[in-house]
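Since every read-out is calculated from the coordinates, none of them should be taken as a lab result. All values derive from a computational prediction rather than experimental measurement. Note: ideal-geometry Cβ built from the backbone for every residue, glycine included; neighbour counts use all protein chains shown.
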Amino acid sequence: MQTESGALSGRSVLHIHRVLFAAFQRAVTLRLISSNPCMSEAPTAKKFKPRTLTAEEGRKLIAAAEGTRLHLPIMLALSCGLRRGEVCAIKWSGIDFERGTLHISESLQGDATFAPPKTERSRRTIALPASALAALRLHKAKQNAERLKEGELYRDLGLVFAYTLGEPWKPSSIATLFGAIAKRAGHRPSSVPRPSPLGRVAADRAWSAGDDRFRDARTREGGHHSLDLRSLGEGCRRRGLPGPWTAS
């Protein structure tokens with residue numbers, strides 16, 4: 001991975017050092033060289049700081065996604081603080097339209113398998129904004145029509161977001177399309193935000209409104225803090241702030 005200046009990132013340098021260390025250590029064992037030149041202090045990788053969108057950038061991103069299959073997923077990521085894998089693993093059984101909530105209990109992995117969230121805290125129930133609930137109802141009706149059309153060919157896994165025949169999305173394909181949408185929203189290629197940090201927009205808006213309870217939440221991923229995102233959304237609404245999921 002390269003930085004915006006074109007140089008290798010600290011993590012890449014550290015990985016290269018480890019590979020070279022192992023290779024030279026093998027050469028020492030085989031008595032091809034007398035000492036390992038990589039025995040000196042190893043480079044350190046700086047902690048990665050994800051790119052966080054502002055509320056205005058979030059609205060532009062939703063507008064840029066209009067008409068694509070990522071429009072609703074991006075809306076949910078922004079309003080609920082969801083990671084890419086969590087969005088891909090949402091099932092209809094986890095959505096309570098009566099109460100207006102979404103339960104997160106799984107995450108889609110890179111190999112297209114489902115696994116529990118990274119931490120117990122990441123298992124959570126989130127309040128959905130009215131706009132997201134309305135969009136989910138429309139999406140469900142469209143998906144039901146597709147399922148009836150495909151008949152026995154459709155593999156019904158109960159997923160909210162799936163390919164035409166019901167198969168789960170590939171996370172890599174989502175990243176590619178998301179990058180294109182982000183660029184359309186005005187982000188330079190070197191500064192395109194990753195899908196995962198999108199949900200922190202809600203925390204940023206609550207923090208900017210002056211609520212101290214959200215001081216830590218704005219620097220953490222959704223589901224990794226004791227304060228749930230229902231409170232974050234309510235904090236925005238209490239202060240009359242438009243939710244970051246609002247495209248207009």
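Points to keep in mind about this one:
- Projected label distance in nm at ARG31 and THR176, using a 7 Å step from Cα toward the beta-carbon: 5.2
- For ARG184 and ARG99, the FRET efficiency from 1/(1 + (r/R0)^6), where r spans their Cβ atoms and R0 equals 45 Å, is about 0.80.
- FRET efficiency for THR119 and GLU66, using Cβ-Cβ distance with R0 set to 41 Å, rounded to 0.05: 0.75
- Cα-projected label distance for ALA22 with SER131, points at 7 Å along beta-carbon direction, nm: 4.7
- Full-extension gain in nm, ARG155 to ALA42, via 0.36 nm per residue minus C-alpha separation: 35.7 nm
- The stretch between GLN109 and LYS142 holds 9.3 nm of extra length on full extension. This uses 0.36 nm per residue minus the Cα-Cα distance.
- The stretch 139-171-the stretch 62-97 distance, computed between alpha-carbon centres (Å): 16
- Coil-residue trypsin sites (Lys or Arg not before Pro) of the stretch 97-162, DSSP, other Cβ within 10 Å capped at 15: ARG99, LYS118, ARG123, ARG155
- Long-range HN-HN contacts of THR101 with modeled amide H, under 5 Å: ASP96, LEU128
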